[in-house]
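Here is the structure we will look at, set down as C-alpha cells.
The values are calculated or read from the model by the stated rules, or taken from the named source; none is laboratory data. No experiment lies behind these values; they were computed from the predicted model shown. Don't worry about glycine lacking a Cβ; one is built from the backbone with ideal geometry, like all the others, and counts go over all protein chains shown. The accessibility values were calculated without ligands, DNA or RNA, using every heavy atom of the protein model including side chains. Shrake-Rupley method; radii C 1.70, N 1.55, O 1.52, S 1.80 Å.
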Amino acid sequence: MDQLKNINTKYSRLTGSQIVVQALKDHGVDTVFGYPGGAVLPIYDEIFQQNEIRHFLVRHEQGAVHAAEGYARSTGKPGVVLVTSGPGATNSVTGLTDAIMDSIPLVVISGQVPTFMIGNDAFQEADTVGITRPCTKHNWLVKETDALGQVFHEAFHVAMHGRPGPVLIDIPKDVQFATGSYVPLKFATESKYNPRTEGDMEEIAFLVSLMESAERPIFYTGGGVINSGTKASQTLLELVDETGFPVTSTLMGLGAYPASGKNWLGMLGMHGTYEANIAMYECDLMINVGARFDDRITGRVSDFSPGSTKAHIDIDRSSINKVIPTEIPIVGDAGIVLKQILDLWRSKGKKTNAHEVDKWWRKIEHWKTKDCLCYENSDTKIKPQYAIQRLEELTRGYDRFIITDVGQHQMWAAQFMKMEEPNRWMTSGGLGTMGYGLPASVGVQVAHPDSLVINVSGDAGWLMNMQEMGTAVQYRLPIKQFIVNNKRLGMVRQWQQILHGERYSHSWSEALPDFVKLAEAFGCKGIVVTNPSDIDAAIQEMIAFDGPVIVDCQVVEHENCFPMIPSGEPHNKMIFEEDIQANEEQLVGKAGSVLV
Amino acid sequence: MNSLKLKDGVSRKSAYDLRNPTEDIHEVHTLTVLVDNEAGVLARVIGLFSGRGYNIESLTVSEIDHQGKLSRITVMTKGKPSVIEQIKAQLERLVPVYEVHDLTTEGPSVQRELALLKVKGEGNHRVEALRLGDIFRARVVDTTLDSFIFEITGPTDKIDKFASLMEPLGLVEIARTGVVGISREEH
Ligand SMILES: Cc1ncc(C[n+]2csc(CCOP(=O)(O)OP(=O)(O)O)c2C)c(N)n1
C-alpha cells in the first residue's frame, strides 16, 4: 500500500470529509439527497467547496432515502444519502427498511458523535449501526480516517453486487476532521463479497428440457429482472418470444415484459388479474425469474399452484425453498441465467410442445373474457379506476415515469397503468410504506429532469411526506402529484368492510387540507377535479404546466379494489365485486383474518 | 363464483411431494461459521437468529486467525430440516461470512465442550466426587478444604452426565463454554 501512496501522492493525504467526497466522485456519484446537522458539518463543508456532486436538500430524512430509492430504481445506479447523527439517522430507518425489502441499492452516510464520546449518551448520539443492522445489507462504523476510503469502496460494491440493497456508513465527527490516507478506487483491495451470478448448467439443462415438454408453462417474473439491468428485460422478451409462453409479473417486476406484449397476462397476486392467478394455479411448469413467492403472491401456501413443477431463479440462495419448495433451484443473476437458458434453447434448436401450449393459450383466452378489471363507471362521480385509466390514456405517449404510494390507488395503478419498459415504475412493494410516493418522485425527477414524472397517490399517504413538496419547488422539479382522493384510508376501509363487519374504525381522512390552497402555499400549482367530464382537461392541464402540480382528484369514497384474493385463500378463490355484494360476511375465513 | 370448475390439480410432479414427511421433527444441528472478525459481527449473527425466530441452543465464538482477522462461530440450533436449511442460507448471505458448515450433516466431526464445576462437600461425598472425576477424566483445577473445582471437556452429553452425578454430591455452580466443533475431514 505504501507503494500506491507514492503513485498517487495527490490523493494520499486527505481529511476524512475530503475522502468522503473524493470516494463519492470515484464511484461516479453526481447526486446526493441529504439533510445537515452537527455531526456531518465537515462533510457539508466539503460539499460546499466543489461542484461535481449536486446535493438536494430534502425536508425530512425519510424523504431523502425514498428520493434516493426513486433515483436508484429509475437509473440502475446506487442512490446516495447524507444524514446527521441521532435523529437524522433514525429518520432514515423506514427508508432503509423499504430499500432492503425491495432490494434497492443505496449508500447512506450518517454522521456520528466523535469516537471519544461514543457510549456516553452524547448529544444526538444513537447506536446507528445497531439500529440499522437489520435494515441494511451491511453497515460500518468507521473509527479511523485511514479506513474510510476502503470502506466506501466496499460499501458501493456490496450495495450493487449480489442481491442489491442499502448499506450505511456511520462516520464520527473526529474521523471526518482528521487527516488520513485515501486509496483511490483503482487501487482498492478487491472485495471478498462476490455472490455467484451464473446459474448451474445442469439445472438449466433440466429446465430447458421441461420447457420443451411443458403443456401449461408460465413465466412468473419479479423485481430481480429489473434489478439485473435493462439487458435482462431484453433477454426475457426474447425468451418469451421464442417460446410463446405466457408471462405474469409481481408488482415489483412490472415493465420488465411490456404490457403491450402479446404474451402478457397482467400482474398476479392479491389484486392481480384473474387470468394471471388462475394460470399460476393451473400451470404445469412455473418459471420464477427474480421473484420471491411473497405472501401477496402465493395466497395460501399449501394450495399454491399444486400441480406444477417449479423452477426458481434467484441471486439470493436464501429465497429459494424459503416459502415454496422448488424442484429446479437456480442461484444466479436473473439476466445472466435467462441468457444461459436462451442460448441453450437456441443452440439446441429446441421446440415447445406447441400443440399443448396452444390449448393452454385457449384456456387463458377464455379466462381473459371474464374481463376481471371491469368496473361500473359513473357519469356523476369519478371512479378511481376511471381516473387512473384516463391518466394512462393521456400520458401513454410521453417519456414518463410512474410512482405510486401505498393503498388502493397503488393496486389500481398497477392494474391500469401500462408499463412498457423496466425502471419506469417505482412503488413500495415489500414494506408497503405510505409516504413513499412523493419523495420517490422527487428522486426520479432529479434523475430525469425532462421526463414526465407522476406520483399516483392516496390522500392519506400523500400527507405522510407532503413536506417534500418544498424540495420539488426549491429545485424546480416539475413532479406531478396525482392524488386519488377518496377521503378515506381506502385500503384499510376495504378490509374493514370485508373483514370487520363494516366497522370503519379510524379509516377516515378527517380534516383534509384544501389541496389547491396547499399547492399555492408551497408555491406550485393546484388543480381540483370532481366531475368525470372534467378529468381529461385536468390531466392535460397537469401535463402542460411547467412546474410541480398537485391534482386533487376527488373520487367515489367507497370503491373496492378487485379482483382480490382474500388473505389465506388460494389463487382460484378470487373474489369480485359481485361476490362482495352477494355475501358480505363469509368472504374471509377465521384463519385468513389473522393474516395481514 | 367459480363457474370454471378448476380441478384440484395435484400431479406426480407436485412440489409438495418434495416435502419431507418428517418435517415436523425438530433436529439439533451444529453449524460452524467462519467470519471476518469485525465489530458487530456477532450481533449480526445473533440478530439474524432472533429476528427470524430461529433457536440458539449454544453459541461460542473466538478469533482463530489474528493476522487474517478471522473468527469461528459455532452455533448449535434446533429446528425443522427446512428451517435448518434456511438458517444456513441466511448465514451465508451475511457479508462478513465466508463459510458455513453443518457438522451434523457434512460427514464425521468432533464436537467438544468445556465445563467448570464447583462441588462443595465433606467426608464421603468429597471422596466420591474425586473418584467420579477420575472416571470422567475431569481435572481438579482448584481446591479448598471443603470444595473442588473440576474442569471437564467432552461432548455435551458427557458433561450433562457428569453434572447430574455431581448434583447429589454438592454441585453448587457450573459454567459451560457451549460446543465447539471441527470436521474430521482433511479438507
Ligand atoms: C406508514 C404506513 N402506515 C400504515 C399503513 C397501512 N395502510 C395501508 S394502505 C392504507 C390506507 C392508505 O390510504 P390512502 O393513502 O388514502 O390510499 P387509498 O388506499 O385510499 O388509495 C393504510 C393506512 C401503511 N401501509 N404504511
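Some notes on this structure:
- Selected residue (criterion: nearest to the ligand (Cβ to nearest atom)) from residues of region A:414-425 that are assigned to a loop (DSSP other than H, G, I, E, B) and in contact with an Asp or Glu (Cβ under 7 Å, 6 or more places away or on another chain): A:MET417
- Matching residues, region A:426-450, being under 20 Å from A:SER103 (Cα atoms), more than 11 Å from the ligand (Cβ to nearest atom) and open to solvent by 10 Å² or more (accessible area, probe 1.4 Å): A:GLY429, A:GLY430, A:ALA447
- Across region A:27-62, the number of residues qualifying as open to solvent by 50 Å² or more (accessible area, probe 1.4 Å) and either modelled with pLDDT under 95 or assigned to a helix (DSSP H, G or I) (or both) comes to 3.
- Scanning region B:38-63 for residues that are touching a strand residue (DSSP E or B) at 6+ places or on another chain (Cβ under 9 Å) and among the small types (Gly, Ala, Ser) returns B:ALA39, B:GLY40, B:SER58, B:SER62.
- Contacts under 7 angstrom Cβ, first residue in region B:159-186 being farther than 29 Å from B:THR104 by Cα, partner surrounded by fewer than 18 Cβ atoms within 10 Å (Cβ to Cβ), 6 or more apart: B:LEU169/B:HIS125; B:LEU169/B:GLU128; B:GLY170/B:LYS120; B:GLY170/B:HIS125; B:LEU171/B:ALA163; B:VAL172/B:LYS118; B:VAL172/B:LYS120; B:GLU173/B:LYS118
- Helices (runs of 4 or more DSSP H) wholly inside region A:273-391 containing at least 1 residues that are without any contact (Cβ under 8 Å) to a residue 24 or more places away in the chain and on the phi < 0 side of the Ramachandran plot: A:334-347, A:354-368
- One residue from A:VAL167, A:VAL158, A:VAL175 being assigned to a helix (DSSP H, G or I) and touching a helix residue (DSSP H, G or I) at 6+ places or on another chain (Cβ under 9 Å): A:VAL175
- Residues of region A:178-190 that turn out to be modelled with pLDDT of 95 or more and part of a helix (DSSP H, G or I), as a count: 0
- Here region A:396-413 is the region considered, the condition is being more than 16 Å from the ligand (Cβ to nearest atom) and open to solvent by 10 Å² or more (accessible area, probe 1.4 Å), and the residue that is nearest to the other protein chains (Cβ to nearest Cβ) is A:ARG396.
- Pairs, first assigned to a helix (DSSP H, G or I) in region A:191-215, second aromatic (Phe, Trp, Tyr), C-beta under 8 Å, six or more apart: A:VAL208/A:TRP345; A:MET211/A:PHE245; A:MET211/A:TRP345
- Residue list for region A:294-310, restricted to those being within 11 Å of another protein chain (Cβ to nearest Cβ) and acidic (Asp, Glu): A:ASP303
Here's the yes/no breakdown for (1) in a helix (DSSP H, G or I); (2) modelled with pLDDT of 95 or more; (3) within 11 Å of another protein chain (Cβ to nearest Cβ):
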| position | (1), (2), (3) |
| --- | --- |
| A:ALA99 | yes, yes, no |
| A:SER103 | no, yes, no |
| A:VAL108 | no, yes, no |
| A:GLY119 | no, yes, no |
| A:GLN124 | no, yes, no |
| A:GLY130 | yes, yes, yes |
| A:ASN139 | no, yes, yes |
| A:GLN150 | yes, yes, no |
| A:HIS153 | yes, yes, no |
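- Listing of helices (runs of 4 or more DSSP H) fully contained in region A:457-513 that carry 1 or more residues being crowded, with 16+ Cβ neighbours inside 10 Å and within 12 Å of the ligand (Cβ to nearest atom): A:459-464, A:490-499
- Residue in region A:333-343 that is more than 29 Å from the chain's Cα centre (by Cα) and either more than 30 Å from A:THR197 (Cα to Cα) or aromatic (Phe, Trp, Tyr) (or both) present: no
- When the strands (runs of 3 or more DSSP E) confined to region B:81-150 are screened for residues that are open to solvent by 20 Å² or more (accessible area, probe 1.4 Å) and within 29 Å of B:SER164 (Cβ to Cβ), those reaching at least 2 such residues are found at B:109-120, B:139-144.
- Taken over region B:47-66, the criterion of being of a type outside the set (S, T, N, Q) and not in a strand (DSSP E or B) is satisfied by B:GLY47, B:LEU48, B:PHE49, B:GLY51, B:ARG52, B:GLY53, B:TYR54, B:ILE56, B:GLU57, B:HIS66.
- Top-ranked residue of region A:534-551 - restricted to ones that are open to solvent by less than 50 Å² (accessible area, probe 1.4 Å) and in a helix (DSSP H, G or I), ranked as nearest to A:SER451 (Cα to Cα): A:ILE543
- Every test in (1) over 25 Å from the mean Cα position of the chain (by Cα); (2) over 23 Å from A:ALA414 (Cα atoms); (3) away from chain B (no Cβ under 14 Å); (4) open to solvent by less than 10 Å² (accessible area, probe 1.4 Å) is passed by A:ILE382 save one, and that test is (2).
- Matching residues in region A:160-198 - criterion: being among the acidic types (Asp, Glu) and open to solvent by 10 Å² or more (accessible area, probe 1.4 Å): A:ASP174, A:GLU190, A:GLU198
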